[in-house]
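The values are calculated or read from the model by the stated rules, or taken from the named source; none is laboratory data. Just so it is clear, the structure is predicted and the values come from calculations on it, not from any experiment. We place every Cβ from the backbone using ideal geometry, glycine too, and count neighbours over all the protein chains shown. Side chains included, ligands, DNA and RNA excluded: accessible areas come from the protein's heavy atoms. Shrake-Rupley method; radii C 1.70, N 1.55, O 1.52, S 1.80 Å.
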Amino acid sequence: MTRSGKEYTERLADGRRVMMDGEVVSDVAAHPAFAGAVESIARYYDHAHAPENREAMTFTSPRTGEPVNRCFLIPRSADDLATRARALRRSAELSAGLLGRGPDHVAAFFAGWAGRRDVFARGGPGYAENLVRFYEHLRDEDLFAVYAIVPPQIDRSKPAHEQADPHLYAGVTREVGGGVHVSGAQMLATGAVLADYVLVSNIAPQRPGDEDQAINVAIPIGAPGVKIYPRRPYATGATSVFDYPLSTRFDETDALVVLDDVFVPWAQVFVLRNREVCAAQWIETPAHVLGNHQAQVRLATKLDFAIGLAHRIAEVTGNLAAPPVRGALGEMAAHTVVVSGLLAAQERNCEIDDEGIAWPGREECFAVMTLQSELYPKVIHMLRELCGGGLIGLPSSAADFGHPEMGADLERYVGGPGEAAVERVKLLKLAWDLVGSEFGGRHQQYEMFYAGAPFLVKQRMYSVYDFDRRRGLVDQMLGEYDLHTALPGTS
Ligand SMILES: Cc1cc2nc3c(=O)[nH]c(=O)nc-3n(C[C@H](O)[C@H](O)[C@H](O)COP(=O)(O)OP(=O)(O)OC[C@H]3O[C@@H](n4cnc5c(N)ncnc54)[C@H](O)[C@@H]3O)c2cc1C
């Protein structure tokens, strides 16, 4: 059953320990650093839970017969992928694509894993069943999982087991009757402050000896021993929602996850000390492409938002009629259409595997992942360019409008023909929060790295692309002539 925003928010009071500014924060829903983001996630849940959105946003759980969020769907056809994408798009539009790791991201990974439980069964008895039961638990109770799948950058020249302490990177330290104990850290879990569970696993290549880190386990954020260290939150430094409309409401947080001898019951262990299965879960199941397909639906939404902003700003500055400005907007639009078009192609060119699961087209999925680290900064740069100094010539805060003398000056020198100063300032401050604020800078880093370091993503693109088919065209051409071939019309 889908849950309401209120039910989501109430569940956050689980004794979690968020380590920030020298204090331990437990009540994240009430803390100014996180309250806005909690409200945004609650809105996500309310939207899917509303009876009028049931048809678009849910499907029927095969286990309970209740409506559950489409982000948990295990797709079996191109139609399934397209219907799922439409629901993901509606969710993404609630935040203009600014919540990168909302509840529907890791849900897609679990759907992909549950569809190919056979991969987990290779790890030994019980793991596949644990995985499927946990997927059903998330789906049927509409829970929010995030993941931490990359180790900290302590010393990347050495594998996990050769670090100064072999348990710096999160891994299993011992097995006990009811489960395992996990210690160590993972570099980043976006959304960990706001979620119900963190999934701890590894996507980075592992070497013999790294078996303790070759795991996939789900841990409640409030479990004893879990410590969440978020980077500096952006909402607390903001003067008002008007001044920082995005920082105050959509800062999903990114956090170092520290696990201090955390007990994980067997039911939440899906891979244990198995490098082969730990690697296979990303490649031999559709989890990775389903998760990235979701991430790209969100990216396309955010690009649409950036272009909408650029168009509105060109209009208020009176530049919209200039052909070069229209050309720049056209170029921005072309970038967006590339992403949306490749998303549609992923759905249409899906591959149905031998278990009947639909994998979004891999070439197209990796093409977006390869391009996005340059495409997003470029679109943001073009938006910045169209805004010019207008982004900087703004009043220091919303409070200036309340002062008679300042308010009058702003009206005279900042407003436009037929447009109140407050409306123009509102629009430009919105743009600044996307391109220039600390929140905006983090988003640039996010789009460049969330799918992996660009140099690695390009190598994955190489591995999924069918070069043979294209080489065939070259062979065909080379086969049509040799040293002795006469010029056409001369023989
Ligand atoms: C905002 C944000 C949110 C994130 N959220 C999550 C999350 O929710 N969960 C999660 O698990 N992870 C998350 N990550 C981490 C993300 O998965 C990693 O940043 C990504 O996998 C790249 O790893 P890295 O940062 O360790 O970069 P590195 O692998 O250290 O690479 C950094 C740079 O070093 C250079 N480099 C390194 N090695 C080589 C080499 N062999 N050859 C050539 N150049 C090299 C490249 O220039 C590369 O770009 C997030 C990251 C960011 C920035």
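Some observations on this one:
- Percent RCO, i.e. relative contact order, over the chain, from Cα pairs under 8 Å lying at least 6 residues apart: 16 percent
- Taking the average, over residues, of other Cβ atoms within 10 Å as the packing measure, peptides 420-428, 47-55, 483-491, 134-142 rank 134-142, 420-428, 47-55, 483-491 from highest down.
- Approximating the spin labels as points 7 Å out from Cα along Cα→Cβ, the Lys426-to-Ala50 distance works out to 2.0 nm.
- The convex hull defined by the C-alpha atoms of the range 417-491 has an orientation-averaged projected area of 13.1 nm².
- For Lys458, the aspartates and glutamates whose Cα falls under 17 Å of its own Cα, not counting residues fewer than eight places away in the same chain, are Glu363, Glu364, Glu374, Glu447, Asp466.
- Heavy-atom accessible surface of the chain: percent carbon and sulfur, 1.4 Å: 56 percent
- Long-range amide H partners of Ala189 with built H, under 5 Å: Ala255, Leu256, Val257
- Cα gyration tensor shape for the range 219-338, rounded if a/c is under 1.5, else prolate or oblate: oblate
- For Lys426, the lysines whose Cα falls under 26 Å of its own Cα, not counting residues fewer than eight places away in the same chain, are Lys302, Lys378.
- Partners of Lys158 within straight-line reach, counting aspartates and glutamates whose Cα lies under 13 Å from its Cα and excluding those fewer than 8 residues away in the same chain: Asp210.
- Computed log₁₀ I(q)/I(0) - Debye formula, equal Cα scatterers, no solvent, the range 287-474, q 0.12, 0.14 Å⁻¹: -0.69, -0.84
- Cα principal axis extents for the range 363-491, largest first, Å: 89, 40, 17
- Computed accessible area, Trp266, all protein chains, 1.4 angstrom probe, square angstrom: 80 Å²
- Here the Karplus relation 6.51 cos²θ - 1.76 cosθ + 1.60, evaluated at θ = phi - 60°, turns the backbone of the range 194-207 into coupling constants of 9, 9, 8, 10, 10, 8, 10, 8, 9, 9, 6, x, 10, 10 Hz, with x for every Gly and Pro.
- Euclidean distance between Cα centres, the range 1-62 to the range 443-482, Å: 40 Å
- Relative contact order [Cα under 8 Å, 6+ residues apart], the range 288-402, whole percent: 33 percent
- Projected-area mean, the chain, by convex hull of Cα positions, square nanometres: 30.8 nm²
- Taking every protein chain into account, the 1.4 Å probe leaves Tyr229 with about 90 Å² of accessible area, to the nearest ten.
- Prolate/oblate/rounded label for the range 132-219 (Cα gyration tensor, a/c 1.5): prolate
- Protection proxy ranking of 26-36, 405-415 - average other beta-carbon atoms within 10 Å, highest first: 26-36, 405-415
- The residues of the chain expose, per residue, 43 Å² of accessible area to a 1.4 Å probe.
- Around the amide H of Thr58, modelled in the peptide plane, lie the amide H atoms of Arg70, all under 5 Å away and 5 or more residues distant in sequence or on another chain.
- Averaged over residues, the count of other Cβ atoms within 10 Å places the peptides 320-327, 396-403, 162-169, 256-263 in the sequence 256-263, 162-169, 396-403, 320-327, highest first.
- In Hz, Karplus ³J(HN,Hα) per residue of the range 257-269 (6.51, -1.76, 1.60; θ = phi - 60°; x = Gly, Pro): 10, 10, 10, 10, 6, 7, 7, 10, x, 3, 4, 10, 10
- For the range 5-283, the extents of the C-alpha atoms along the principal axes are 51, 48, 33 Å, listed from largest to smallest.
- Computed 3J(HN,Hα) for the range 75-85, one whole-Hz value per residue from the Karplus formula 6.51 cos²θ - 1.76 cosθ + 1.60 where θ = phi - 60°, is x, 10, 7, 4, 5, 4, 5, 6, 5, 4, 4, glycine and proline marked x.
- With a Förster radius of 60 Å applied to the C-beta separation of Val474 and Val176, the computed FRET efficiency comes to 0.50.
- Gyration tensor over alpha-carbon atoms, the range 66-177, equivalent ellipsoid semi-axes in Å: 31, 21, 13
- Amide H contacts under 5 Å for Val271, placed H, 5+ residues apart: Asn216
- Theoretical ellipticity at 222 nm over the chain - DSSP helices of four or more residues, -39500 (n - 2.57) apiece, nearest 500: -15000 deg cm²/dmol
- Only Cα pairs under 8 Å and 6+ residues apart enter the sum, and on that basis the relative contact order of the range 200-254 stands at 26 percent.
- For q = 0.13, 0.18 Å⁻¹, Debye-computed log10 I/I(0) when each Cα of the range 283-331 counts as one equal scatterer: -0.46, -0.63
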